[in-house]
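Undergrad: What follows is a structure written as structure tokens; I'll ask about it next.
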Amino acid sequence: MTARMLRAAAVALTALAVALHVYYTSKAGGLWRDEANTAALASMPAISDIWHHLPFESFPMLWPLIVRLFQSLGCDSDLALRWLGCFVGLSIVAALWLNARLLGFSVPLLSLALLGCNPMVIRSGDSMRAYGVGVVLILLLFALLWKVATAPSPPVVALAGLVTVASAQALYHNAALVFAICVSAAVIAGRKRQWARSLAILGIGAIAALSLVPYLEVIQRARSWDVVSVREFSPWIFGARLFEAISAAGNAVGWFWLVLLLLGMGSAIATQSRPGDATNDDERQRCLYGVLAIAISVAASFGFLRLVAYPTQAWYYLPLLGVLAVAIESSLAVLPLHRARVPARLVLAIAVVLLSAVPLWKGLQLRQTNVDLAAAQLRDKATAGDVIMIAPWYLGVTLDRYYKGPASKLTIPPIDDLRVQRYDLLKSQMEAVEPIAPVLGAVERALKAGHRVWIVGGLLFPPAGKLPPSLAPAPFESFGWDEGAYMSAWTMQAGHFLQQHALHAEEVPLATQAPINSHETVQLLVVRGWR
């Protein structure tokens, strides 16, 4: 009876997760700039072009090639790409079931609740980015390396090798998790003096590491301009971003994650210290595997991100969340009291679902961008001779996907290639003297000729009676290579210019009832007249 209850609950959670992924697909809307960047990169004329532009993407080649294959089938519309993302998200759910089977704890419950009810896992895992694929592959790797450590066979070893390499090729920072899982599995095999298995696992990890060697050249090219992106990375930043990821369904869920982590690690340690209890040896080893994976994954992830020193967003941590979720379940499925463990795991899973319900529902209403809505207005209203001024510049990547009309597109600062996010061109503009002067000149000519200027994004305006700041070419005094400081100065200069010379400005409504992703919510303004 208990087993049936457990399976029924897991099936219900799975049905809920599937429904949530499909529902979000219907709500996500257009591609925001990071997604548009990936779609544009994947659709470049040749694979060599993708490789050449890879420094302007956050991932290795695997995901752009998957998207390219999908596009080659004629599936490049927003809706088609959203369904590709949905398939990836549903694959996370399937991977959790496979994990439960291979790891031997019957059915997934806690991991389904923790990942399936996390709105960030759904939104970012289903996006046109590599995070969802990275989660799927890490989950598969966790289970397959357990099998290599405990019950290997040639097909399992070969499949584990393929998945390990694919995991490293999905996300650069998956390399830290591959290292952590390989070390954890090698320790499990070594405890039973299965040295050949340990060496096989470490060899698989080494092959995955070697597969990343070609990217050293890509990274070296990115280092020529990434001074505009590098930021200090501290344990505090790491912890804050990780907590943001686990608390995407509310702070209460985030704290519940932490409680479950402590319970899981405590259960694992207690199980190791009582070798004579009813817990069998396989369960005890699996419990140790989970706690090792938690500890090493967190440490290795921090070390990797500290090394590269790029600013991170909460969704970068989704593969780490995948490891933590299955490791928690592995540990809590091996409680010493067998009669209590099934109900406890079920109660904990239900608690996660109930705590997540309201924030999850609100989070899935989020539209990823409204730039596509602005582009629709521009297609209807902008004419030849008009100028579209885009501020900040990176919104141009999204607009380039959606607007192909007769009006000229100019970014602040001017970026000639809007297919992908060209930080190298931004760096060149930060080194230039008065880089937005050509944009202001084009605006002046358009307004004097009776044309309109359309502003996508937003401008800043200096306080009354004050001039906008003018920063010398970077690196300048305390501002150094601070992209935000230069963007603020440039948009304030443009705002002041229009304050001084434009006769009339009004906002163009972008009709939508849905809340918009805060990372890409824009206004559309139209400016007329010259004085």
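The values are calculated or read from the model by the stated rules, or taken from the named source; none is laboratory data. Being a predicted model, the structure only gives us computed values, none of them experimental. With ideal geometry, Cβ positions are generated from the backbone for all residues, glycine too; neighbour counts draw on all protein chains shown. Side chains included, ligands, DNA and RNA excluded: accessible areas come from the protein's heavy atoms. Shrake-Rupley method; radii C 1.70, N 1.55, O 1.52, S 1.80 Å.
Undergrad: Is there a residue being within 16 Å of Gly29 (Cα to Cα), under 25 Å from the mean Cα position of the chain (by Cα) and not small (Gly, Ala, Ser) anywhere in the stretch 345-355?
TA: Filtering the stretch 345-355 down to residues within 16 Å of Gly29 (Cα to Cα) leaves none.
Checking the stretch 345-355: not a single residue is within 16 Å of Gly29 (Cα to Cα), under 25 Å from the mean Cα position of the chain (by Cα) and not small (Gly, Ala, Ser).
Undergrad: Has the stretch 334-352 got at least one residue that is over 30 Å from Gly290 (Cβ atoms) and either crowded, with 18+ Cβ neighbours inside 10 Å or charged (D, E, K, R) (or both)?
TA: no
Undergrad: Additional query: Pro438: out of contact with any Lys or Arg (no Cβ under 6 Å at 6 or more places or on another chain) and part of a loop (DSSP other than H, G, I, E, B), yes or no?
TA: Answer is no for this residue.
Undergrad: Which pairs turn up if I take residues in the stretch 235-262 that are under 17 Å from Ala295 (Cβ atoms) and look for partners that are open to solvent by 30 Å² or more (accessible area, probe 1.4 Å) and modelled with pLDDT of 90 or more with beta carbon separation below 6 Å, at least 6 apart in sequence or on another chain?
TA: That search, which allows pairs on different chains as well, returns Phe238/Phe302.
Undergrad: While we're looking at this one, here's another question. Can you name every one of the helices (runs of 4 or more DSSP H) wholly within the stretch 6-119 that holds 3 or more residues which are within 30 Å of Pro392 (Cβ to Cβ) and in contact with a helix residue (DSSP H, G or I) (Cβ under 6 Å, 6 or more places away or on another chain)?
TA: Counting at least 3 such residues, we get 33-42, 62-72, 78-103.
Undergrad: Only one of these is in contact with a Phe, Trp or Tyr (Cβ under 7 Å, 6 or more places away or on another chain) and more than 29 Å from Leu16 (Cα to Cα): Pro60, Pro45. Name it.
TA: Pro60
Undergrad: Hey, another quick one. Has the stretch 428-438 got at least one residue that is farther than 21 Å from Ala382 by Cβ, open to solvent by 30 Å² or more (accessible area, probe 1.4 Å) and among the acidic types (Asp, Glu)?
TA: Looking for residues that are farther than 21 Å from Ala382 by Cβ, open to solvent by 30 Å² or more (accessible area, probe 1.4 Å) and among the acidic types (Asp, Glu), one finds at least one in the stretch 428-438, hence yes.
Undergrad: Looking at the stretch 473-526, which of the residues that are in a helix (DSSP H, G or I) and of a type in the set (Asp, Glu) is least open to solvent (accessible area, probe 1.4 Å)?
TA: Glu520
Undergrad: Also, I was wondering about something else. Search the stretch 17-41 for residues that are in contact (Cβ under 8 Å) with a residue 24 or more places away in the chain and farther than 30 Å from His52 by Cβ and pair each with any residue that is among the β-branched types (Val, Ile, Thr) and outside any helix (DSSP H, G or I) when their beta-carbon atoms are under 7 Å apart and the residues are at least 6 apart or on different chains.
TA: Short answer, once both residue conditions are applied: Gly29/Thr369.
Undergrad: I'm checking my understanding of the structure. Among residues of the stretch 232-288 that are touching a Lys or Arg at 6+ places or on another chain (Cβ under 8 Å) and assigned to a helix (DSSP H, G or I), which one is modelled with the lowest pLDDT?
TA: Gln272
Undergrad: I'd like to check something: does the stretch 186-200 contain any residue that is more than 27 Å from His53 (Cβ to Cβ), aromatic (Phe, Trp, Tyr) and assigned to a helix (DSSP H, G or I)? Give the derivation first.
TA: Within the stretch 186-200, the subset more than 27 Å from His53 (Cβ to Cβ) is 186-200.
Retained after the next criterion (residues that are aromatic (Phe, Trp, Tyr)): 195.
Now restrict to residues that are assigned to a helix (DSSP H, G or I): 195.
Yes; the residues of the stretch 186-200 include at least one that is more than 27 Å from His53 (Cβ to Cβ), aromatic (Phe, Trp, Tyr) and assigned to a helix (DSSP H, G or I).
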